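Asks: Can you keep this structure in mind? I'll have questions shortly.
The values are calculated or read from the model by the stated rules, or taken from the named source; none is laboratory data. Computed from a prediction, not measured in an experiment: that's the story for all the values here. Glycine gets a Cβ as well: all are built from the backbone with ideal geometry, and neighbour counts include every protein chain shown. Only protein heavy atoms, including side chains, enter the accessible area calculation; ligands, DNA and RNA are left aside. Shrake-Rupley method; radii C 1.70, N 1.55, O 1.52, S 1.80 Å.
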Amino acid sequence: MTATIGRRERKKAQTRQALADAATKLFTERGYDNVGVREVAEAADVSLSTLFKHFPSKESLVFDLDADVEADLVAAVRDRPAGQSVIHGLRDYLMRTRTARNDDPGIVAFHRLVDSTPALREYAHQMLLRHESALADAIAEATGAPAGDLAAAGLAHFALETAKVASAREDPASAFRELFDLLENGWRQ
């Protein structure tokens, strides 16, 4: 039996989505640094205090799917195809999500916004690192390692750091492959 979402929860979700949509529209049209949170609240027709109930910071308005990122990272390990290693599952997920440039104008504008704004690039990086513990736990579980395993924690950390290093390269997909080869096979010089 599926649970139905109550009116209050639907209203909260609608308000959150209206804020995220207003922020994205204003930020992509005028630039992140040229828009204040008060303007976002006004565009969504809510109070400033309501905005901060849903989003703790201006940067978080851009990354409204933060909770989904953690679930997706864990799923990249737990739900990888049979026979695929944990490291390849992580590589494929990060390459797919961090290098994909879509034909959708909205997605292109979003990537342009994040790439052109140092505060948003850093927030995106820190957002990934906040999910390090959950990813390390998933890696330990998938490999049969004990909870708190150092190798699982290290792999989670370094895999997430590849996103920052690879995205700064001219060919991010090649950089991801090279960095994950290093993680898998070690330094060879």
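Asks: Quick one: which of 81-89, 46-54 comes out on top by average Cβ neighbours within 10 Å, and what's the full order, highest first?
Replies: Details: 81-89: 12.8, 46-54: 15.2.
Output ranking for 81-89, 46-54: 46-54, 81-89.
Asks: Straight-line reach from Lys12: which lysines fall under 16 Å, measuring Cα to Cα and dropping same-chain residues less than 8 apart?
Replies: In chain and number order, the partners are Lys53.
Asks: Leaving ligands, DNA and RNA out of it, report the carbon-plus-sulfur percent of the accessible area of region 61-189 at a 1.4 Å probe.
Replies: Numbers: 3900 of 7250 Å².
Using a 1.4 Å probe with all protein chains present, region 61-189 comes out at 54 percent carbon and sulfur.
Asks: Treat every Asp and Glu Cβ in the chain as -1 and every Lys and Arg Cβ as +1, leave all other atoms uncharged, and give the resulting dipole magnitude about the Cα centre to the nearest 20 debye.
Replies: The dipole of the chain has a size of about 480 debye.
Asks: In degrees between 0 and 90, to the nearest 10, how far off the longest principal axis of the chain does helix 118-130 point, with axes built from Cα atoms?
Replies: 60
Asks: Just one of (1) -0.32, -0.50, -1.07; (2) -0.25, -0.39, -0.97; (3) -0.43, -0.56, -0.92 is log10 I(q)/I(0) by the Debye sum over Cα atoms at q = 0.08, 0.10, 0.16 Å⁻¹ as worked out from the coordinates here. Which one is it?
Replies: Checking each listed value against the structure points to (1).
Asks: Tell me the angle of helix 66-78 to the major Cα principal axis of the chain, expressed in degrees between 0 and 90 and rounded to the nearest ten.
Replies: Helix 66-78 sits roughly 20 degrees off the main axis of the chain.
Asks: Additional query: Can you tell me how much longer the chain between Phe52 and Ser174 gets when fully stretched, taken as 0.36 nm per residue apart minus their C-alpha distance, in nm with one decimal?
Replies: Here the segment from Phe52 to Ser174 would lengthen by 40.0 nm.
Asks: Please report Rg (one decimal) and Dmax (integer) in Å for the Cα set of region 96-189.
Replies: Just the Cα atoms of region 96-189 yield Rg and Dmax of 15.1, 45 Å.
Asks: Then there is this: Mind checking the per residue accessible area of the chain for me, 1.4 Å probe, whole number of Å²?
Replies: 60
Asks: Sticking with this one: Please name which of Pro81, His111, Thr97 has its Cα lying farthest along the dipole of region 56-117 towards the positive end, using unit charges on Cβ (Lys, Arg +1; Asp, Glu -1) and the Cα centre as origin.
Replies: It is Pro81, whose Cα lies furthest towards the positive end.
Asks: Hey, could you get me the Stokes-Einstein D for region 22-85, Kirkwood radius over alpha-carbon pairs, 20 °C and 1.002 mPa s, rounded to whole µm² s⁻¹?
Replies: The estimated diffusion coefficient comes to 157 µm²/s.
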